[in-house]
1. Does residue B:31 satisfy being crowded, with 19+ Cβ neighbours inside 10 Å, among the polar types (S, T, N, Q) and either within 16 Å of ligand 4 (Cβ to nearest atom) or outside any helix (DSSP H, G or I) (or both)?
2. Is one or more of the residues making up segment B:184-192 within 16 Å of ligand 5 (Cβ to nearest atom), modelled with pLDDT of 95 or more, within 19 Å of the chain's Cα centre (by Cα) and β-branched (Val, Ile, Thr)?
3. From the list B:108, B:38, which residue is without any contact (Cβ under 8 Å) to a residue 60 or more places away in the chain and either more than 14 Å from chain A (Cβ to nearest Cβ) or in contact with a Phe, Trp or Tyr (Cβ under 9 Å, 6 or more places away or on another chain) (or both)?
4. Just to check your reading of the model, which residue among A:522, A:550 is surrounded by fewer than 19 Cβ atoms within 10 Å (Cβ to Cβ), facing chain B (nearest Cβ under 7 Å) and among the small types (Gly, Ala, Ser)?
5. Can you go through B:243, B:235 and tell me which one is touching a Ser or Thr at 6+ places or on another chain (Cβ under 8 Å) and more than 16 Å from ligand 5 (Cβ to nearest atom)?
6. Name the residues in segment B:1-60 that are within 24 Å of the chain's Cα centre (by Cα) and β-branched (Val, Ile, Thr), would you?
7. Could you please find all residues in segment B:92-112 being within 16 Å of ligand 2 (Cβ to nearest atom), over 12 Å from the mean Cα position of the chain (by Cα) and closer than 24 Å to residue B:29 by Cα?
Amino acid sequence: MEPTNIEAPEYFHKVVDCQWACPAHTPVPEYIRMIAEGRYADAYMVNWKSNVFPGILGRTCDRPCEPACRRVRVEDEPVAICRLKRVAADNKEPIEDRLPRPAATPNGKRIACVGAGPASLTVARDLAPMGYRVEIFDADAKAGGMIRSQIPRFRLPESVIDEEVGYITGLGPVMRLGERVESLGALLKEDYDAIFVGCGAPRGRDLDLPGRQEAAANIHIGIDWLSSVSFGHITRIGRRVIVLGGGNTAMDCCRTSRRLGGEAVKVIVRSGFDEMKASPWEKEDAMHEDIPILNFLVPKAFTHEAGRLTGVTFEPVEAVVDEAGRRRLVPIGEADVHHACDDVLVAVGQENAFPWIERDIGIEFDDWGMPVVSEVSFASTNPKVFFGGDAAFGPKNIIWAVAHGHDAAISIHRHCRGEDVTVRPAPGVTLVSQKMGIHEWSYDNDVSNDARFRVPLRPKAEALGNVKLEVELGFDAAVGFHEAQRCLNCDIETVFAEPLCIECDACVDICPMDCITFTANGPEADLRERLSAPALNAAQDLYVSAPLGGTGRVMVKDEDVCLHCGLCAERCPTGAWDMRKFLLDMTHAEAA
Amino acid sequence: MTYITKPRLHHPLLQPNALGFTRRDYEGKVSTLCAGCGHDSISAAIIQACFDLDLPPHRLAKLSGIGCSSKTPDYFLGGAHGFNSVHGRMPSVLTGANLANRELIYLGVSGDGDSASIGLGQFAHAMRRGVNMTYIVENNGVYGLTKGQFSATSDKGSKSKKGVVNHDQPIELVGLALQLGASFVARGFSGDKAQLVPLIKAAIGHKGAAFIDVISPCVQFNNHPGSTKSFDYVREHNAAVNRLDVIAPRKEIVVDYEPGSVERVAQHDGSVLTLRKLAADYDPTDRAAAITHLQAHQAIGEIVTGLLYVDPAARDLHDYLGTVETPLNRLGDAELTPGARALAAINQSLR
Ligand SMILES: Cc1cc2nc3c(=O)[nH]c(=O)nc-3n(C[C@H](O)[C@H](O)[C@H](O)COP(=O)(O)OP(=O)(O)OC[C@H]3O[C@@H](n4cnc5c(N)ncnc54)[C@H](O)[C@@H]3O)c2cc1C
Ligand SMILES: Cc1ncc(C[n+]2csc(CCOP(=O)(O)OP(=O)(O)O)c2C)c(N)n1
Ligand code: SF4
Ligand code: SF4
Ligand code: SF4
Ligand SMILES: [Mg+2]
């Protein structure tokens with residue numbers, strides 16, 4: 001193999017698995033160390049800069065970082081990265097004076113954002129302090145988008161939304177709430193310098209089965225029903241409830257039902273348990289609230305009597321893999337089953353809908369009715385119009401909406417300066433030695449043997465009694481500290497200097513994870529087989545040195561399960577290994 | 001925080017041996033030696049060898065003298081018996097222990113100062129008596145622990161870190177062991193575990209006095225240009241006579257070498273030593289030839305390594321003395337005080 005180019009920013013970035021997996025590339029280990037030191041406000045600001053909504057995301061994030069966490073591969077469960085964000089948010093001292101100030105002088109550019117969800121708010125957060133006049137339109141009376149309208153209050157208290165949305169509205173965007181944009185064509189005529197479409201994916205799919213019309217009074221579309229609950233229009237549901245669907249919306253529907261009078265609430269899903277779209281922890285939370293999940297049942301009809309819903313019939317199926325390798329659900333030939341109920345919540349998917357965007361204003365749509373949007377610049381085929389969040393590529397989640405928002409803001413800024421939006425700014429990267437003395441490092445390198453801590457919950461009876469009462473209590477400072485200590489500091493990188501190495505083997509002998517090998521060079525596939533421990537995880541890079549002076553062998557380090565304990569550097573007699581902190585700072589619009 | 005102990009976590013694919021232990025279970029306390037010391041690599045090789053041999057740690061006794069090298073038994077096999085004796089006196093303490101209980105596996109760990117300077121007499125007698133043990137000298141050519149004075153194995157002409165030249169003739173422990181009748185003699189290098197681990201495994205399987213001289217650079221006091229025990233010097237002058245594989249008893253022997261290039265030696269414990277020849281016509285079962293080969297190569301400045309000599313039919317001290325097989329601590333009153341009649345019979349036999 002060729003010697004590894006550690007100057008390329010992506011090399012060490014990939015080693016920081018969580019940061020690499022985070023759509024907004026939040027410097028996770030950096031803020032976790034701050035939490036361990038009790039520097040909650042600092043930790044909050046590291047987050048705020050990257051992901052804008054630390055308190056909200058610390059309760060609701062889809063956390064793509066956690067399955068990526070190295071702890072999964074060396075132990076079992078990931079660091080509770082998400083809930084540690086909440087520790088920072090809950091315990092911080094006031095941070096208002098650390099926020100950017102509204103721009104002192106406008107730069108003369110006007111931007112319209114359609115929708116006040118996390119995507120638009122991120123665009124405003126980046127552009128407003130730079131002097132842009134950002135006007136945010138939303139049909140709803142309050143900003144926040146689905147964060148406010150969909151996510152149930154028992155998962156996310158409204159005070160947290162108010163606080164973090166408030167930090168952005170405080171930057172001076174013009175909030176045009178209660179104003180639905182009925183025509184993009186008309187908006188274009190108002191001569192904004194750019195328009196950002198962050199209108200989300202607002203339409204819940206229906207199930208057109210026999211009985212749907214007749215029993216309509218007790219059949220509700222999940223997301224419409226949830227927003228009605230959020231806005232206080234609905235406060236009760238029947239005693240027996242069936243939720244159809246296996247995604248996160250279904251989980252919110254069933255748990256909300258339990259709090260609004262639903263005593264016998266069931267989730268019934270077409271697919272198997274493992275194939276359900278809901279995150280594992282959402283399923284766990286639902287089952288904890290005594291909600292059974294029934295699988296492999298395909299709904300066939302709504303039953304009704306005298307215009308009233310009486311239940312749903314299902315056909316039992318099983319999953320079969322056909323010749324082409326596709327999974328299909330086929331009936332197992334058993335009789336249909338009937339589940340009686342008083343209400344049904346349909347949570348079988350969410351769709352985009354753009355009835356307010358004319359098709360003749362230069363914005364191209366594909367065969368599925370989605371706008372053609374660049375994944376790099378988020379520009380549509382109309383150079384003035386950018387998309388982001390759920391509106392761009394279909395429903396995702398908050399952290400993706402934020403990442404899109406940052407990227408779209410860069411494009412809008414470049415567009416307004418007449419620059420090419422496909423040219424993207426490089427991230428800021430620093431790599432700094434953590435050595436303080438012969439046996440002293442500036443980070444806590446002792447590896448915690450603690451298993452992941454569970455977030456304490458409010459007693460079930462109390463939690464189910466009030467739809468607005470937050471069910472998770474969050475880690476207290478002490479547990480937060482211990483959970484933070486589980487982080488392996490994957491951003492403290494092992495950096496190798498071949499001219500210094502005398503090939504004494506000390507690093508090989510001490511490494512607890514058998515990461516390091518000195519061997520004859522070879523092609524990657526061959527090298528992976530003959531290391532101290534075989535490197536079978538091809539998703540993780542090998543770090544290969546230039547040939548060494550003593551024997552002509554190369555040093556090969558498998559990054560996969562390195563604990564970043566620094567023992568290699570500690571044991572190296574010549575300082576050929578050093579532990580250096582890699583900090584990657586995404587460049588946002590301001591510095592672009 | 002630093003100076004941490006090695007984390008308990010290990011590679012997810014780390015395999016257990018026949019006893020269900022992983023290699024990590026054969027480790028000891030965290031080493032206090034200088035970073036990069038060759039001795040730590042030898043500890044790692046001993047750990048690997050004992051793991052490979054499926055040794056139950058409590059069946060092993062580690063004995064040592066005084067020195068950095070003699071400290072190392074604390075850093076491997078935490079579950080074994082250990083005795084850190086007096087400077088140069090490991091061989092006699094080990095001999096005593098071995099006579100009292102022949103059921104343990106004896107590992108003597110010593111330094112060049114410990115064995116060639118103060119303990120030379122002790123070393124000689126353990127070899128000539130055929131004490132059943134593995135005797136490892138971690139040879140760095142200096143007294144590491146007392147700050148790097150030349151030891152008795154330091155080569156004539158070798159320079160100290162400060163530039164002082166050694167004028168004394170070195171004691172060649174491998175040559176001595178051969179002359180004194182050791183029945184297994186080998187030399188390895190701390191920087192070549194592929195060679196060292198099989199040597200240690202073979203020595204442990206050997207019945208009789210097994211001696212391994214392991215060149216082990218002292219990174220602190222003897223790893224500079226002008227030293228003949230530095231990493232660079234040893235790598236440049238290493239002349240291995242063979243490459244060894246140890247095949248455990250009852251394992252199938254798979255041949256993948258050219259005919260004639262390999263020699264096989266069956267040991268007492270049933271293991272088979274497979275020796276791939278590197279030096280043409282080197283015969284590791286010919287003691288006199290081994291001595292000659294060693295001296296010839298030493299004269300041209302080469303360091304001969306590998307398995308130099310083995311006598312697979314060797315006997316040990318217990319055989320010569322006809323001692324009781326049962327460990328002394330398991331003998332009961334009846335065996336230990338056979339009574340007046342037995343005494344009378346002995347007296348009678350001597351009249
Ligand atoms: C039940 C449910 C639970 C969820 N839970 C989570 C969770 O726990 N974690 C997570 O990360 N994600 C969750 N999501 C997904 C998440 O809410 C969305 O992915 C995210 O809010 C998308 O952000 P956005 O900025 O693209 O748009 P949205 O948040 O959807 O905001 C769009 C806004 O645009 C407004 N709008 C639309 N059209 C117009 C128009 N023509 N004129 C004016 N205003 C308009 C809407 O009123 C809305 O306020 C959940 C979604 C649902 C449905
Ligand atoms: C009777 C006695 N004399 C002298 C010493 C001082 N002393 C301690 S270690 C040592 C030399 C050790 O050299 P070596 O065996 O080569 O071990 P190394 O430290 O080099 O591994 C000496 C002379 C002692 N401890 N006891
Ligand atoms: S930091 Fe060094 S010693 Fe620790 S696990 Fe990684 S490579 Fe091994
Ligand atoms: S400890 Fe340092 S000098 Fe020794 S082999 Fe490792 S990198 Fe090289
Ligand atoms: S002084 Fe030499 S022998 Fe002793 S620990 Fe240090 S490097 Fe090893
Ligand atoms: Mg010595």
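The values are calculated or read from the model by the stated rules, or taken from the named source; none is laboratory data. Model, not experiment: these values are computed from the prediction. Positions of Cβ are backbone-derived with ideal geometry, glycine not excepted, and every protein chain shown enters the neighbour counts.
1. yes
2. Checked against the condition, which is being within 16 Å of ligand 5 (Cβ to nearest atom), modelled with pLDDT of 95 or more, within 19 Å of the chain's Cα centre (by Cα) and β-branched (Val, Ile, Thr), segment B:184-192 yields no hits at all.
3. Residue meeting the stated conditions: B:108.
4. Matching residue, one of A:522, A:550: A:550.
5. Of the residues listed, the single one that is touching a Ser or Thr at 6+ places or on another chain (Cβ under 8 Å) and more than 16 Å from ligand 5 (Cβ to nearest atom) is B:235.
6. Scanning segment B:1-60 gives B:22, B:30, B:32, B:42, B:46, B:47.
7. If the condition is that a residue be within 16 Å of ligand 2 (Cβ to nearest atom), over 12 Å from the mean Cα position of the chain (by Cα) and closer than 24 Å to residue B:29 by Cα, then B:93, B:94, B:112 are the ones that fit.
Residues are listed down the side, and each one gets a yes or a no for (1) at pLDDT 95 or above; (2) within 14 Å of another protein chain (Cβ to nearest Cβ):
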{"position": "A:372", "(1), (2)": "yes, no"}
{"position": "A:377", "(1), (2)": "yes, no"}
{"position": "A:390", "(1), (2)": "yes, no"}
{"position": "A:394", "(1), (2)": "yes, no"}
{"position": "A:419", "(1), (2)": "yes, no"}
{"position": "A:437", "(1), (2)": "no, yes"}
{"position": "A:448", "(1), (2)": "yes, yes"}
